[in-house]
Every structure is written in structure tokens, then in C-alpha cells.
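Here is the structure we will look at.
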Amino acid sequence: MAEPALLEAAGLRLSLPDYSRKQPFGAAPTVDILHGIDLTLAPGDTLGIVGESGSGKTSLGRTLVRLYKPTAGSLLFDGQDITGLPEERLRPLRARFQMIFQDPQSSLNPRHRVADIVARPLRLHGRAATAAEARKQVDALLERVALRPVHGERYPHELSGGERQRVGIARAIALQPRLVVADEIVSGLDVSSQAQILALLRELRRDLGLALLFISHDLSVVRTVCDRVMVMLNGRAVEQGDCASIFAAPKHPYTRRLLNAIPLPDVDPDWVARTAEKELGETLTMNVKDSVALVTGANRGVGEAFVQALLNRGAAKVYAGMRSTVGYEAPDGRVQPVELDVTDHAAVAKAAAECGDVTLLVNNAGVNHNRPISADAAQRNARDEMAVNYFGTMEMCRQFGPVLGANGGGAIVNMLSILARVNLPMIGTYCASKAATLSLTQGVRAELAAQGTLVVAVMPAAINTRMGDMNPPPLEEPADVANAALDAVEAGEEDIYPGVVADGVSQGLAADPKGVEKQFAEYLPG
Amino acid sequence: MSWSFLLRRLLLAIPTLFGVAVIVFVLLRVVPGDPIAMLIGPGATDADIAELRRLYGLDESIALQFVYYLEDLARGNFGTSISMRQDVMELVLGRLPVTIELCLFAMLVALALGGAMALAGAYWRGRAGEAAVDGAAGFVLAIPDFLWALLFILFVVVFALDGLPISGRIGHDVGFRGATGFLLIESLVRLRFDAFGSVLLHTVLPAFALALPLAAIIARVLKTSIAEAMTQDYILMARVKGFSRARIVCREALRNALVPTVTLTGVQFTFLVGGTVLVEKIFSYPGIGNMAIDAVINRDLPLIQGLVLTFAVLFIATNLLVDMSYALLNPRMRHG
Amino acid sequence: MSGAQITSAGMPSNGPILSVRNLHLAIAGRHRDTPILRDVSLDIVPGEVHGLVGESGAGKTMIGKVILGIQPSRARITGGSVRFDGRDITHLPERERRSLMGRGLGLIPQDPMTSLNPAYRIGGQIADVLRLHLGMDRAAARARALELLDDVHIREPARVLRQYPHELSGGMRQRVLIAIAFACRPKLIVADEPTTALDVTVQRQVLALIKEMQAQEGASILFVTHDLGVVAKICDRVTVLHGGRVLEAGDTRRIVEAPQHDYTKALMAATPRHDRPGDLLQPVPEALTARLNAEALAYDAAPGAMGAGHG
């Protein structure tokens, strides 16, 4: 960057106490509001921050002007580190970054005249020695925001919404700041006043060289004042870039959703029904080609087949996760072995940090002790199966969910089994762990839908690997199962039953669940 | 409402009570007047007086007296009344139900009266009805409870309302001695309607004297809260739903207006309890208020201590009940 | 006067469910009355979604309130009529007015956060209209409330029925309010900026829901809004209001694609379009606003105008 940044935030995190869940005598638990935000703003730059309620956009704005103290990360204003600067040392700096609030009704003191409200920062910061001098500057400021000196004599409640917001702007620019953070300042106004305020902001930016951070829930408004835009969802930036390119080709599904939801003033009686239908049946899909995949349990069986299928389909990179990489030979230069035990939280967290470019996660690692519930070690076996099949999958989804979100949504494939739907005697604990993981998969799917992550549950019958030899024949080929799963990712299918056996069982379950259960109960291996 | 909330409030009551105990102890040691001198008949020798002082522990140092005092309190031993020569705890517990019953009865009267006035004022908002309610509340509030008590007595005497007793708690001719002291409730439970009627008649005047100022305050606050609630969007919705004005005021607005009223009623209820001191005396009503005046006149230190602590417990209990009632009224607080 | 140029072109032959004719309304002040509505006329036919567009202060919300009979007490109807289902409802006695609610008229309010009573459960707030207007008993009303919540696509309706308003999001509350509005199958629903307080994605869902419920139950809707984008998507016809006067009315396509009045054109130019790069929003020109205000004042002063003075 040629110009030094005016504002630079890196890895900004924010947690705030949640008093609604406070217990007596204890500290209030905290909620995470921002999960690592990076942004830079050059002098005179305009950045729009867009998101819906709860996205953290307002908290981000307040953190950037240090109304909140970030929990982690760094915040530089004009080269000076203000991340943890105490308030008394921040105060002289405050003149240089100002904030305009959403609701002028409550941010302007109702007992003071407009002129006093605008003059206050001038007097506080010693910019006007005498009342007359202050008054002169106030009149100039009012004129600057297209108000007349008579407005200075009025009280806030005597002004219209648009006029009040102009007073807010006049107060914010009184100290000639270099940065103004405007938080939803046009959301309460009708279109005409909104257009006026936006025009005024453009003018001020041009004339005063202000850098502007414009926070709004409305993408179309952002476009008229900002050069760049950042889209926020659940405290993360899901997309950031030039307005021109983002509006022309939004990459993240959430950005597309936001854009599609704006009703343009074109007559289109079917728009509502059509977009609603699209929303309901909105199928998330993903191209495996050029994707960056991570496969757990990649050194054998179905995992190996997944790696090969991904390579065949043109994946850009495949992280091959396995407990120990010793003796592993990568089949291709694009494959990168990763030591990863899914039952080890720290290892999973480390992998999520290292493999930050993953767009497709294949949770394949699983164990099957192949023992009946009456077996001696059943208790230990069951715990082991749950630890890998259920908790391992959960931890992977938990840690990689944000990674996928940051990379545009992506997809998760959870390798389950038809035994997640029906229990086969003699391996009941394994079936239970898969059933739990199916339930978990549905939960993950619901949670990650907003960030555009597709979550696929793959439920084949027995597969021709070492693990599957106890199950009823015929056995599926690992490559077929892997390819069926990747097909599902590309088609946006959520639950698949690859192979005739699994397909038959699934249809049988739909028609007569009890019948299938009885049928399975009669099957005893050996 | 959580148990931890209750527990916290109960724990907080301990330092409050301790504070009250300290203040009572200190105050009673510095007030002028010698209780022994009041107690003892003329012609007593100095030795008699010294003997009595020793008996009541008044010859020890102040610090030691305080330690004994706290020890006794912890054991529930409030000492022996100097003037009545009886255990203070027994005396107070014997009279306490009388005052509690009187206060609760007065409270019910205040709530019914104040609530009715508030609803009437809110219903006829902006019309003559509201002005009448405001005027009545202002008038009632201008006269304190003990003055109402005197006015009532004047009324009864002037108009010779013989049916309304102005002294005591139960007619002498009614042979009813309760086992609990809660005569009103007990007589009802035992189906002794003659006794119930007699106690009720004796209680009406002191209860109304105590209740009237509180009723006026409730009327004012509740009416304002209802008026405030009536400007809310959900009231507009209720109108659009087609509900009658009476239903909107009594159901939609009242429920939301209750919270601030309950807060204030709780605070005011403690004043009502305090008011019993004078009002019980005026009506010779045998409660702890009446007893308190006698105790002060007689400089009966142990009894005063016991009574003040009893009043303190009453106040704390009232506030606790008020806090608990918020949770019932405001669904938002139930999850806290 | 442009207010007189309203035609009923394009209106289907069956009679209107609502007919506002030359409505005048003023707010009584200490010294003089302030005119709010000036000679407003509009018709809504059965099954129509009629948009009422204007800036704040145009009087659009007041029209909705007059129709529902909830205008502030200082507001005086100084002329004209509002005919609902064939009879004038401007001066109905209170009891008759109330009987129109529920089965005749309904409201979808602007602010879902404050429009549900915080002290009562959702179920009770839906059931009470059913019991009042349809005479249902407690059990039937509860069953129907459950059905209604399901109709407005609330998941786990049985649980929501037992919840209090503060436990629901804004979008959910608006769904509940829509369920209440449609509960007794009214003939006309006034939707008073029902999506202004919502996020865009929630707005779209709520608009879809209103359309769906309308198609299912067959009510007419008076849709009050300042957003021409919303109008273009869901209204059949539009009335444009400024300073309490109707400036232009007609078919939505005609208004949006070929606006006649300068003010309508200006409103279109002020509406954001993210699909047009470099499109800088044009505020309504001050000269135009001044001209419109002057016209309104001239109208008040003109002889024969039924202005203030009845109070």
C-alpha cells in the first residue's frame, strides 16, 4: 500500500459479559461477539460494513473507535497502537475519530439546543475559546450540513428525523476528525431524507477528505457511498472487497442471499413467491474441482478412496489426516499428510489453524469394535466408538465450521452408515454411535446453513474394507462410495444412501420402519 | 425465580439485622433517663439500686454489655422486660400476630380501595371521573394515618355509632380466646362467627386509618402506570382486536402496570407497619405498636430492643415478599 | 388539483370492499386545527393489495388508523366518508366499531417488538381474538392458534404457544402478529409498514408470508410503506401521498414504470438500486417539496375546501 493506513485492525476479537445469564456472586459469563476481524482503512477511504442484526457490525464499529476494548487482536490508528490504550490517553485522540449513532433521538441531549450540542465538543477540546467564537464555528458547521442558523436555536425534538441526523453529523465533524464511523444512520429515515443524508456524506468525504466507515444492514445503500464493502455474519467477515466486484459477482452465498432479498423498484409480482421458494429449496452446491479438501482417516479404506476420488476430480489440495503419518506415501504431489487424531481437541484446533484454506471437509475416521453389547469390553468399546465416531466428528465440525465459513461456505461430508438408521444386532454400540452422529449432522447442517455450508450425510451399507467384513453382503466398493459422496456435494444432496442395499433399506424404512427393524433383528452374523 | 436469589436475599438480611442490633444497642445506651429509677419505687436504697443494676447487667462495661447482648440475641434470648418482668420474646411473640393481622387487613383494604380508584381513574381518563379520583386521592393523602384514627373516633362519638367499637380487639362479652393470636383467621377456621364479627368490627377503624394514605398512593401510582401502559403499541393492538375499553384497562394494561406499583406498595407497606405504633395506641389495640409506646414510656430497654428488632425483621420480610412478587408479575425476570 | 384526477381505471367490476371518499382530517390544536388529510379518495377491491406510499408526515399511517378507528382522540374527521363493506364507518358507535374488528378488519403493525403484550403468553394473545369474535371455547381456540402458528411457518408451534414475546426474535413476533391479523379471516387488513423494522432477509420472508396468507384467506390488504421497492413487488395498485393529498394513483406497473406526477418520479429517483453502478440517489428536489407544500396550503385556503373549524 502506497499510503500508510489510517486504521488497521488485525485479528480483532471481542467478548462482552452477558448479564442475563449472570449467577449470584459470580462474574457474568461472556459471549463472543467478534471472532477475529481484519480490516484496513486508508485516509479518505470508505468502507461499508453490512450485516443483519446480531452480525456484530455495531459492536465492530464501537470497537474500532475504542468504545469497547478488544479482547484480542490489535488496533492501530494512524500508526499508533490503541488496542489497550487507557481512556485518559485515548481522550486527546478521540477528536480524530468520531462516531455518529443510529438513533439521533437518543444520542442528542433533549434538554440542549442544537447550537449547544454542536458547540460542546469544540469547547471540550478547547477549539473555541469564547462563546462567540464557538457560535461562529457552529453556524459554519450547520451550514456545512445544510442546516440554517435558526436550527441552532431549536431543541432536537423540534427537528425532523433527517435534520436530527444532520445535527449528529455536524457534531461529529466539528473537531475535523480523520475518521467517522456512521452506524446505521439512515435506517430510520424515508427514502428522500436517506438520499439527502447520503449525498451529504459523499460531499463531506470529498471536501474534508474524511475516511468513512459506514455500517448498514442495507447493501444497496452502502453501494452509493462506499468504495469497498465487508459483509459480516455471526461476528466474522464472510466477504470483503471492492463494491464493484462484490456487487457484480458476490462469492459468498450469504452475500448473494442479502442481495437477492433487496426488493428493487421493478414490477415483479412473482418476486416474493419465487425468491421465497428459492430460499426454501435453496440448494447449496459446491465444485470439487479446485477445492481444498481435508480427509480424516485418509490412510486406508474409504479414506484412501476419498483422496483418490478428490484427486481425480481436480481438487487443488488434499490434506490427508491420519493418526500417524509414519510410512505414509502420498499418491500425488497435491496430497499433504497431516498428523491428526480426531479425539484430541488440541490436535484438531491446531489442524484448523494450519489448514485455514480448507473448503471441503470429509469426516471419514471411524472405529467399529464389532462386539455385541454383552461382550466383556462393551463399555470400553462403546466409549471408544463414541469418542472417534461421534465426538471426533463433532470436534472437527466445530473447529472447521468457521474455517469453511470464512472460505465461502464450502461443504462437510460425514461418513456414516446405514446402521445410523437401523440397528444390527451384535454391534449395537457401533450403531448407536453412528445414530448419534447422524443426529449431530442434522444439527450442524441447521447451524451452518446461514453461512452457506453444505452438510452431507453418507449412509452406505457394508463396504469392502477390513472394517466391513462382519456385515451382511453384498459389500460396496470404497471408490463407489467416495464418488457417490462427492456427487452429492456437487448436486447439493444432503442425505445419500449409496449402493442397492443402503438404498433398499432406506426405502424400506420409509415404508415400514418396524418391519425393517424386525428384519435386521433376525440377522445374526456367523 | 431461582432459589439462589432467595438465598442471597436471606444472607443479605443477616448484616442488616446485625446493623440494626448495633444501632439499637448504642442508641439505648446514650438516651437520657435511668430505667432503674423508673422501675424502682420511692425509698429504695442505693444498695437496692446497685443490686437491680447488677441483675440487669447494667453495671458491666459497655463493651461487655454488648457481648452479652449479642450472645443473648444469638440464643433468641431478648432478656426480661423491666416493666413487665416477663420474657421479652414471649411478650413480643404474644402480641406480634395481632399487629400482623391488622397490617395485612389494612393492606387488603388499601389494595382494594387504591386499585378500584386507579382503575376508575384510568377508565375515565381525561374526563370528570379522573378528576374526581385525583381529588379524592389528594385529599386522603393530605391526612396522616394517626389523624384519620382521631377523626374516626370523633365521628363515632359525635354520631353515636355505638356499633363501631373504638377500643380493644374483641368484645369482652365474647368468650373466645384464640390459641394462636391470629384471632381473625382462627375464629373463622373454628367457625366462631360471633368472635369473627367482633374482631372484624374492632379492626375496621384502625385498619382503615392505616390503609387510607396507602390507598391514595396506590391509586396515584397505579393510575399513572396504567396511563403509561395505555400508550403502548400492544394496547393499540388490543383495540384493533376489538376489545372493550374496560377489558383493555383491566387486563392488557393493568398487568403491565403492576410492577412499579408493587415496588412502591412494598416500600409504603413498611410505613404502614410503622404507623401501627400510633394507631394501635389510639385504638388501644393490643399489638406490638401499642406495646412499643409503653416500652418507651417505661424506658424498658430489653423490650424496646426486642420490639425494634422485631420491626426490622418485619420490614426485611416485607421487602423480600415484594421482590418475590416481581418475578411472578414480570415474565422476563423468571429466567434470571 | 391533482387530487381530483383519480380515475378508477383498471378496477374490477365488483364493488370495492373499502371506499374512502374525499376524506378530510385535522388535528385539533390549541389555537387552530392542523390539516392532516386533504380530500383523500381511494378504493380497495376484494383480494387486492393496495400500496399507500409516501414520506413520513404524508398522512399514510393516519389513513390506516382512520380505517381501523384508532386515530388519536384529537384527530377530527372534518369531511368525507370511509365506507367499509358498504357502510360508512367514520362515525360508528364504539360497540359497532368493535364488532367490525377481527372478522372485518385486521392490522399488521409496524413494530413487532412492542406490539405484543409482554405480560401474556403467545397462545393467549392469539386465542383471545378467536374467543371474542368466533365464540370459540378455550380448547378450540388453542387448537386453532396452533394451526395458525403452523400456517405462518413457525417451527415447534406448540412450544411457541407457551412462550412469552420476549423469548422470540423480531421476525418470529411479526409472524405471530400476522397470525393474529388473519386469525378471524378479516376482509381487509391494514399493514402499517410491517417490514420496516426487520432485516432484509427477514423482510422478504415476511412479505412472502403476507402474500401467501392473503392468497389462502383471500383478504384485501392496504399496504402502507415508504419503500417503492416493496410496492413494486407486492402491490396490485398504488396511491401516492404527500402532505395529506393524493398525488397519483393507479396500477403498480403504470406508477413504477411510467410515473406521471413529478413527485412520484422524484421518489423513484431516491430509491436505491444496487444493480445500477454509479447510481447516485437523487433526493426529492427542495423546489418540488416547496411547490407541493404551497399547493397544500393553497388548497386549505381555497373556498369550498372543508378545512378546519368543526371543532
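The values are calculated or read from the model by the stated rules, or taken from the named source; none is laboratory data. Just so we're clear, the structure is a prediction, and the values are computed from it rather than from any experiment. Counting neighbours? That spans all protein chains shown, and the Cβs are built from the backbone with ideal geometry, glycine included.
For segment A:138-162, the set of residues classified as away from chain C (no Cβ under 14 Å) and hydrophobic (A, V, I, L, M, F, W, C) consists of A:Val138, A:Ala140, A:Leu141, A:Leu142, A:Val150, listed by residue number. When C:Asp251 is tested against (1) touching a Lys or Arg at 6+ places or on another chain (Cβ under 7 Å); (2) more than 7 Å from chain A (Cβ to nearest Cβ); (3) surrounded by 21 or more Cβ atoms within 10 Å (Cβ to Cβ), just one condition goes unmet, and that condition is (3).
Among residues of segment B:108-118 being crowded, with 16+ Cβ neighbours inside 10 Å and out of contact with any Leu (no Cβ under 7 Å at 6 or more places or on another chain), the one that is farthest from B:Leu272 (Cα to Cα) is B:Met117.
The helices (runs of 4 or more DSSP H) found wholly in segment B:165-281 include none carrying at least 3 residues that are within 14 Å of another protein chain (Cβ to nearest Cβ) and under 30 Å from B:Leu309 (Cα atoms). Consider only pairs whose beta carbons are under 9 Å apart and that are at least six residues apart or on different chains; among these, list those whose first residue lies in segment C:104-121 and is more than 7 Å from chain B (Cβ to nearest Cβ) and free of Cβ contacts under 8 Å to residues at least 60 places away in the same chain and whose second residue is surrounded by fewer than 21 Cβ atoms within 10 Å (Cβ to Cβ) and in a loop (DSSP other than H, G, I, E, B). Close Cβ pairs (under 9 Å, with a partner that is surrounded by fewer than 21 Cβ atoms within 10 Å (Cβ to Cβ) and in a loop (DSSP other than H, G, I, E, B)) amount to C:Tyr120/C:Tyr164; C:Arg121/C:Arg162; C:Arg121/C:Gln163; C:Arg121/C:Tyr164. Residues in segment C:128-137: is at least one buried (at least 22 other Cβ atoms within 10 Å of the Cβ), in contact with a strand residue (DSSP E or B) (Cβ under 7 Å, 6 or more places away or on another chain), within 11 Å of chain B (Cβ to nearest Cβ) and assigned to a helix (DSSP H, G or I)? Checked segment C:128-137: no residue is buried (at least 22 other Cβ atoms within 10 Å of the Cβ), in contact with a strand residue (DSSP E or B) (Cβ under 7 Å, 6 or more places away or on another chain), within 11 Å of chain B (Cβ to nearest Cβ) and assigned to a helix (DSSP H, G or I).
Checking the structure you have, find out if any residue of segment C:217-232 is more than 15 Å from the chain's Cα centre (by Cα), buried (at least 23 other Cβ atoms within 10 Å of the Cβ) and not β-branched (Val, Ile, Thr). Don't jump to the end; show me each part of the working.
Taking segment C:217-232 and keeping what is more than 15 Å from the chain's Cα centre (by Cα), we get C:217-218, C:229, C:232.
With buried (at least 23 other Cβ atoms within 10 Å of the Cβ) added as a condition, the list becomes C:232.
Retained after the next criterion (residues that are not β-branched (Val, Ile, Thr)): C:232.
Yes, the conditions are met somewhere in segment C:217-232.
Assessment of segment C:217-238 against the conditions (away from every other protein chain (no Cβ under 12 Å), of a type in the set (D, E, K, R) and either assigned to a loop (DSSP other than H, G, I, E, B) or in contact with a helix residue (DSSP H, G or I) (Cβ under 9 Å, 6 or more places away or on another chain) (or both)) yields at least one matching residue.
Can you tell me how many residues in segment A:287-312 are more than 21 Å from A:Val403 (Cβ to Cβ) and among the charged types (D, E, K, R)?
Within segment A:287-312, the first condition is being more than 21 Å from A:Val403 (Cβ to Cβ), and the residues that meet it are A:299-302, A:304-305, A:308-309, A:311-312.
If we keep only those that are among the charged types (D, E, K, R) too, we end up with A:300, A:304.
So the answer is 2.
Here segment A:22-43 is the region considered, the condition is being in contact with a strand residue (DSSP E or B) (Cβ under 6 Å, 6 or more places away or on another chain) and in a loop (DSSP other than H, G, I, E, B), and the residue that is modelled with the highest pLDDT is A:Pro43.
Looking across segment C:168-200, the residues that are farther than 25 Å from C:Leu228 by Cβ and either among the small types (Gly, Ala, Ser) or away from chain A (no Cβ under 14 Å) (or both) come down to C:Ser169, C:Val176, C:Ala179, C:Ile180, C:Phe182, C:Ala183, C:Cys184, C:Arg185, C:Pro186, C:Lys187.
For segment C:62-96, a tally of residues being at pLDDT below 90 and among the hydroxyl-bearing types (Ser, Thr, Tyr) returns 1.
Considering A:Arg148, A:Arg166, A:Arg228, the condition of being buried (at least 23 other Cβ atoms within 10 Å of the Cβ), among the basic types (Lys, Arg) and at negative phi is satisfied by A:Arg166 alone.
So if I check each of A:Ala261, A:Ala249, which one is surrounded by 19 or more Cβ atoms within 10 Å (Cβ to Cβ), within 14 Å of chain C (Cβ to nearest Cβ) and among the small types (Gly, Ala, Ser)? Even if it seems obvious, please write down each step before you answer.
Details: A:Ala249 fails: surrounded by 19 or more Cβ atoms within 10 Å (Cβ to Cβ).
Only one candidate qualifies: A:Ala261.
Test of understanding: among C:Ser56, C:Ser99, C:Ser73, which residue is assigned to a loop (DSSP other than H, G, I, E, B) and within 11 Å of chain B (Cβ to nearest Cβ)? Full working, then the answer.
Values: C:Ser56 fails: within 11 Å of chain B (Cβ to nearest Cβ); C:Ser99 fails: assigned to a loop (DSSP other than H, G, I, E, B).
Only one candidate qualifies: C:Ser73.
Among the residues of segment C:213-245, write down those that are touching a strand residue (DSSP E or B) at 6+ places or on another chain (Cβ under 7 Å) and either more than 30 Å from C:Arg291 (Cβ to Cβ) or of a type in the set (D, E, K, R) (or both).
Going residue by residue through segment C:213-245, those that are touching a strand residue (DSSP E or B) at 6+ places or on another chain (Cβ under 7 Å) are C:214, C:219-226, C:228, C:231, C:234-241, C:244-245.
Of everything in segment C:213-245, those that are touching a strand residue (DSSP E or B) at 6+ places or on another chain (Cβ under 7 Å) and either more than 30 Å from C:Arg291 (Cβ to Cβ) or of a type in the set (D, E, K, R) (or both) turn out to be C:Gln214, C:Ala219, C:Ser220, C:Ile221, C:Ile234, C:Asp236, C:Arg237, C:Arg245.
Suppose we keep only residues that are in contact with a Ser or Thr (Cβ under 8 Å, 6 or more places away or on another chain) and away from every other protein chain (no Cβ under 14 Å) within segment B:315-336. Which one would you say is modelled with the lowest pLDDT? Show your work before the answer.
First, the residues of segment B:315-336 that are in contact with a Ser or Thr (Cβ under 8 Å, 6 or more places away or on another chain): B:315-316, B:318-319, B:322, B:326, B:335-336.
Still in the running and away from every other protein chain (no Cβ under 14 Å): B:315-316, B:318-319, B:322.
Numbers: B:Phe315: 83, B:Ile316: 84, B:Thr318: 81, B:Asn319: 80, B:Val322: 77.
Looking at residues that are in contact with a Ser or Thr (Cβ under 8 Å, 6 or more places away or on another chain) and away from every other protein chain (no Cβ under 14 Å), I get B:Val322.
Go through the residues of segment A:271-285 one by one and say whether even a single one is away from chain C (no Cβ under 14 Å), outside any helix (DSSP H, G or I) and at pLDDT 90 or above. No, segment A:271-285 contains no residue that is away from chain C (no Cβ under 14 Å), outside any helix (DSSP H, G or I) and at pLDDT 90 or above.
Being touching a residue at least 60 places away in the same chain (Cβ under 8 Å) and within 16 Å of A:Val489 (Cα to Cα), is that true of even one residue in segment A:335-357? No.
Looking across segment B:184-211 at every residue that is buried (at least 24 other Cβ atoms within 10 Å of the Cβ) and touching an Asp or Glu at 6+ places or on another chain (Cβ under 7 Å), the one that is farthest from B:Ala131 (Cα to Cα) is identified as B:Pro206. Within segment B:121-141, is even one residue closer than 29 Å to B:Arg169 by Cβ, part of a helix (DSSP H, G or I) and away from chain C (no Cβ under 14 Å)? Checked segment B:121-141: at least one residue is closer than 29 Å to B:Arg169 by Cβ, part of a helix (DSSP H, G or I) and away from chain C (no Cβ under 14 Å).
Entry remark, segment C:138-160: residues being within 14 Å of chain B (Cβ to nearest Cβ) and at positive phi number 0 in total.
Screening C:Arg103, C:Arg175 for residues that are among the basic types (Lys, Arg), at pLDDT 90 or above and out of contact with any helix residue (DSSP H, G or I) (no Cβ under 6 Å at 6 or more places or on another chain) leaves exactly one candidate, C:Arg175.
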